[in-house]
Amino acid sequence: MWLMPHTPGTQDTGRRAPARRGRPKPPTPAAHVLALLLLAPLIGVFLGGAAFVLLCVAAAAFAAVRVRPAGLWWVLPAAPLAIWTVSVGRELLDTSGDGTKQAVAVVHGMIDAFPAMALALAAAALVAVVRRTTGRRGSVGA
């Protein structure tokens with residue numbers, strides 16, 4: 001037998017929750033944003049080139065949009081750091097040998113990561129500035 005709201009033993013009162021029309025979605029948890037910032041460069045490393053840069057920039061911008069306003073202070077530096085770590089780590093894993101070869105690999109990884117790091121930081125900063133200015137404008141008029 002199906003339990004209905006009016007039958008004994010159920011904890012439901014039979015009322016529906018209010019609709020969420022017009023309210024924005026809640027911010028994404030920090031762990032999900034951090035995972036996204038690490039996952040985008042990992043996928044982009046295998047695709048290479050412009051796809052690497054586009055994935056990193058899109059992930060940084062999305063993270064800056066979805067995080068709470070108070071969390072923007074760590075999203076801005078986290079995106080370039082994740083890109084640098086993945087790019088340099090890939091070069092170090094591909095290189096075997098003495099310290100000179102590994103040093104050259106680190107330099108190659110930094111050169112490969114720099115455009116993605118700069119554009120991801122710029123995109124996240126632009127989103128942060130837009131969020132701050134639109135947030136202040138909306139509160140003044142209300």
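Quick notes
- Which of 106, 120, 85, positive extreme of dipole for the stretch 30-137 (C-beta unit charges): 120
- Gyration tensor verdict on the stretch 30-137 (Cα atoms; rounded if a/c is under 1.5, prolate if a/b is larger than b/c, oblate otherwise): prolate
- Relative exposure of 87, 96, judged by other C-beta atoms within 10 Å (fewest first): 96, 87
- Those residues of the stretch 43-62 whose amide nitrogen sits under 15 Å from the label point placed on residue 134, 7 Å along Cα→Cβ: 61-62
- Near residue 45: Cβ cut-off under 15 Å, other residues only, Lys/Arg at +1 and Asp/Glu at -1. The net charge is -2.
- Segment residue 25-residue 47, length gained on full extension (0.36 nm per residue, minus Cα span): 4.8 nm
- Summing charges over all other residues whose Cβ lies under 10 Å from the Cβ of residue 109, with Lys and Arg as +1 and Asp and Glu as -1, gives -2.
- Estimated at 0.36 nm per residue, the fully extended path between residue 34 and residue 54 surpasses their Cα-Cα distance by 5.5 nm.
- Within-14-Å neighbourhood charge of residue 64 [Cβ basis; K, R +1; D, E -1]: +4
None of the figures in this text is laboratory data; all of them are computed from the coordinates on show. These figures come from a predicted structure and were not determined experimentally. Here the Cβ is made from the backbone with ideal geometry for all residues, glycine too, and neighbour counts use every protein chain on show.
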